[in-house]
Amino acid sequence: MAYDNDNIFAKILRGEIPCDKVHETEHALAFRDIAPKTPVHVLVIPKGAYVDAADFNARASDVEKIGFWQAVHETTAIAGVDGSGFRLTTNNGASAGQIVFHFHVHINGGRPLGGGKQPKGE
Ligand code: AMP
């Protein structure tokens, strides 16, 4: 899938629509999910144009990758879940539940999240 410059996170990066910003670095922006599933629900996105995790992993430079994951690490502390536990999730592709096609990682926490939520086998 080609990257769509008009996806909602591209508009947030360009400042065309607002976000509830948590953290920003040279390589990443973190903001609160508009429909939080947990008391802490923050999204971290790279500043580069990548459709999903596979696209980011394949095409981003080492500097972008390190910068992105460092920003995820810093955001867990800023959001206050580094000590209490958190879940990192990325949905890669529509069949995995991805609805915004700019790579992002969900940080969920702020309450006990229960056991692993792996899909069951057929
Ligand atoms: P995903 O299913 O992984 O693509 O998740 C996309 C997430 O983006 C969902 O949890 C939405 O609630 C969230 N979202 C959509 N639009 C916005 C927005 N304008 N600001 C913050 N979060 C948003």
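Against the criterion of being of a type outside the set (Asp, Glu), modelled with pLDDT under 95 and open to solvent by 90 Å² or more (accessible area, probe 1.4 Å), residue 119 qualifies. Condition first: of a type in the set (S, T, N, Q) and either in contact with a strand residue (DSSP E or B) (Cβ under 7 Å, 6 or more places away or on another chain) or more than 6 Å from the ligand (Cβ to nearest atom) (or both). Now tell me which residues in segment 88-107 satisfy that. Listed by number, the residues that qualify are 89, 90, 92, 95. For segment 35-48, the candidate set comprises residues that are surrounded by 19 or more Cβ atoms within 10 Å (Cβ to Cβ) and out of contact with any Lys or Arg (no Cβ under 7 Å at 6 or more places or on another chain); within that set, the residue that is farthest from residue 20 (Cα to Cα) is 48. Selection of segment 1-29 for residues being within 13 Å of the ligand (Cβ to nearest atom) and part of a strand (DSSP E or B) yields 21, 22, 29.
The values are calculated or read from the model by the stated rules, or taken from the named source; none is laboratory data. The structure displayed is predicted, hence computed values, not measured ones. No Cβ is skipped: glycine too gets one built from the backbone with ideal geometry, and neighbour counts run over all protein chains shown. These area figures cover heavy atoms from the full protein model, side chains too; ligands, DNA and RNA do not enter into them. Shrake-Rupley method; radii C 1.70, N 1.55, O 1.52, S 1.80 Å.
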